[in-house]
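K.L.:
Supplied in structure tokens, the structure appears directly below.
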Amino acid sequence: MPYDLKPIDIDVETTPYVEGEGWTQRGDRWTLNFGPQHPATHTTLRIVMELDGERIVRAVPHIGYLHSGFEKLAEALDYNQYVTIVSRMDYISPIVNDLSWHNAAEKLFDIDITPRCKVVRTILGELGRIQNHLLCVGAAALDLGAFTGFLYGFNQREHIYDIMDYISGQRFHPDWTRLGGAMQDLPDEKMFVKIVKQFIHEQLPPAMDDLTGLLNKNRIFRDRTDGIGVVSHDEAIAWSLTGPVARASGVKRDVRKDEPYLCFKDNWDGQGSSALDFKVPITTTGDVLGRYLVRVAEIEQSVKIIEQLIDDIPGGPMNTWADAKVAKPSKAEVYGSIEGLIEHFELVMTNRKWKAPINETYAAIESANGQHGFYIVADGGPKPWRAKHRPCSFINFACFGKMLEGHLLADAVAVLGSLNIIAAELDR
């Protein structure tokens, strides 16, 4: 079945309106509000569609009604407190937001975190990528009626929640990172290694085999996704798309490769260690099916990355207190030295906190949905003067209307699921 559909050429200005109750008709065309409380949108976003029968002539995406003021809240919270806000932005993989925020803040402060912290952060970032992709590919199946596929993906996320709970005490929003380190070291490194390896070797592989076995050659799934919502290579670049959405259109860009950070850099530990070995999956179809396949392949690559690190977590401190004195000192330093006790007291109990340089910076990481970054302007105080978020969903959602033109109304659900739009990232 061919899917090379193009927008229907209808003169919008000259076709008369016919008003009705709850709907609008323009000649043979209808205006339909898809959302903001539609079961298939998963969130508060809204799409105003103009239909000719069941064919979409035009679609205008609206970002919804969340209005949480995430960026404005940065001005009232210090560089550590704000991590509790950023983890609510892409709430499908909150730990990735934490890593992104403190990656930018540490660039502002010119802090180089310890090798131990780099390894643990890299492992957690890849677990967050798997966590996000599992829900996306599972929900892509659910949106098209394959409820079993959703369960295959969603159940495995529970094991990642268990890991986050183990290191931070919180399942959903770990808020684990701190400027220069983390809220605490691993409770028990051997146990952490054990549960991570159990997940990537025993629990995840059979679930992915079940999920891909159900969907990859499923006639219904392929007919509903192959050739739907196509974005070309040049269009992906013009729309500033990143992540799996861009890579499915042949744009081979990944911040981990192009602007490496953490263990993705050469000599990341100062001892000459090489950057991690992994591939960046791409397709050239640019359709819903391509975006699904890229995410499945990225789960495999994330497992490969974790396998390279999990057995070689460096020793030493998690925080950089000894050099930069921006993170809380260890319990041994607090109880064993007057300097550690004073530093802990000043960071926790008083207003004499560290002060940021008067400067501005931008830094990004590769999240599950693309380039995820923060632009920070600092005025010398303990809080950002301004903070700007570079969200993946806000940018990817902008091209949604273009992708729908010429398709059937039922295709909108498949296209939306392939973009993995998270409502909190649309917040403006």
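K.L.:
Rounded, prolate or oblate: pick one for segment 270-428, where a ≥ b ≥ c are the square roots of the eigenvalues of its C-alpha gyration tensor, a/c under 1.5 means rounded, and failing that, prolate if a/b is larger than b/c, else oblate.
P.N.:
Oblate.
K.L.:
Give me the dipole magnitude in Debye, nearest 20, for segment 70-426 about the Cα centre, with unit charges on the beta carbon: positive for Lys and Arg, negative for Asp and Glu.
P.N.:
With Lys and Arg at +1 and Asp and Glu at -1, about 340 debye.
K.L.:
If each residue's Cβ is checked for other Cβ atoms within 10 Å, how do 348, 334 rank with the fewest at the top?
P.N.:
348, 334
K.L.:
Taking H as built 1.01 Å from N, whose amide H comes closer than 5 Å to the amide H of residue 385, not counting residues under 5 places away?
P.N.:
Those qualifying (amide H under 5 Å, at least 5 residues apart or on another chain) are 377, 378, 379.
K.L.:
According to a simple spin-label model (label point 7 Å from Cα along Cα-to-Cβ), what is the distance in nm between residue 151 and residue 335?
P.N.:
In this crude spin-label approximation the distance works out to 4.8 nm.
K.L.:
Gaussian network model of the chain, Cα springs within a sub-10 Å range: biggest mean-square fluctuation belongs to which of 128, 336, 381?
P.N.:
336
K.L.:
Could you put 195, 113 in order, starting from the residue whose Cβ has the fewest other Cβ atoms within 10 Å?
P.N.:
Fewest-to-most ranking of 195, 113: 195, 113.
K.L.:
Now, a different point. Normalising by the residue count of the chain, find the relative contact order in percent from Cα pairs under 8 Å and 6+ residues apart.
P.N.:
Relative contact order, the chain: 24 percent.
K.L.:
For residue 237 and residue 91, what is the calculated FRET efficiency with R₀ set at 41 Å and r taken between the beta-carbons, to the nearest 0.05?
P.N.:
Efficiency, from the Cβ-Cβ distance: 0.90.
K.L.:
Quick one: 3J(HN,Hα) in Hz for segment 272-277, Karplus 6.51/-1.76/1.60 with θ = phi - 60°, rounded, Gly and Pro as x.
P.N.:
Running phi through 6.51 cos²θ - 1.76 cosθ + 1.60 with θ = phi - 60° gives x, 5, 7, 5, 5, 9 Hz.
K.L.:
List the lysines whose Cα sits under 21 Å from the Cα of residue 355, skipping any in the same chain fewer than 8 residues away.
P.N.:
Residue 355 reaches 72, 107, 325, 328, 383, 388.
K.L.:
Here is a further query. Can you list residues whose amide H is under 5 Å from residue 273's amide H, if they're 5+ apart or on another chain and H is modeled 1.01 Å from N?
P.N.:
So residue 273 has HN proximity to 267, 268.
K.L.:
Put +1 on the Cβ of each Lys and Arg and -1 on the Cβ of each Asp and Glu in segment 70-426; which of 198, 123, 99 then has its Cα farthest toward the positive end of the dipole?
P.N.:
99
K.L.:
Let me ask something additional. Residue 257 to residue 385: FRET efficiency via 1/(1 + (r/R0)^6), r the Cβ-Cβ distance, R0 25 Å, to the nearest 0.05?
P.N.:
After rounding, the FRET efficiency stands at 0.20.
K.L.:
Tell me, what HN-Hα J-couplings in whole Hz come from the Karplus equation 6.51 cos²θ - 1.76 cosθ + 1.60 at θ = phi - 60° for each residue of segment 252-258, using x for Gly and Pro?
P.N.:
With the stated coefficients, segment 252-258 comes to 8, 10, 8, 4, 4, 8, 8 Hz.
K.L.:
Sort segment 159-199 into rounded, prolate or oblate with this rule: let a ≥ b ≥ c be the square roots of the eigenvalues of the Cα gyration tensor; rounded if a/c is under 1.5, and if a/c is not under 1.5, prolate when a/b is larger than b/c, oblate otherwise.
P.N.:
Oblate is the answer for segment 159-199, as a/c is 1.5 or above yet b/c matches or exceeds a/b.
K.L.:
Ok, one more. Amide H neighbours of residue 390 under 5 Å, at least 5 residues apart or on other chains, H built in the peptide plane: list them.
P.N.:
373, 374, 375
K.L.:
Please identify the trypsin sites (Lys or Arg not before Pro) of segment 162-195 that satisfy two criteria: DSSP loop assignment and at most 16 other Cβ atoms within 10 Å. Which are they?
P.N.:
Taking segment 162-195 and a limit of 16 other Cβ atoms within 10 Å, the loop trypsin sites (Lys or Arg not before Pro) found are 171.
Bear in mind these aren't lab numbers, they're just calculated from the coordinates by the rules spelled out. From a predicted model like this one, the values you see are computed outputs, not experimental measurements. Glycine also receives a Cβ, built like all others from the backbone with ideal geometry; neighbour counts cover every protein chain displayed.
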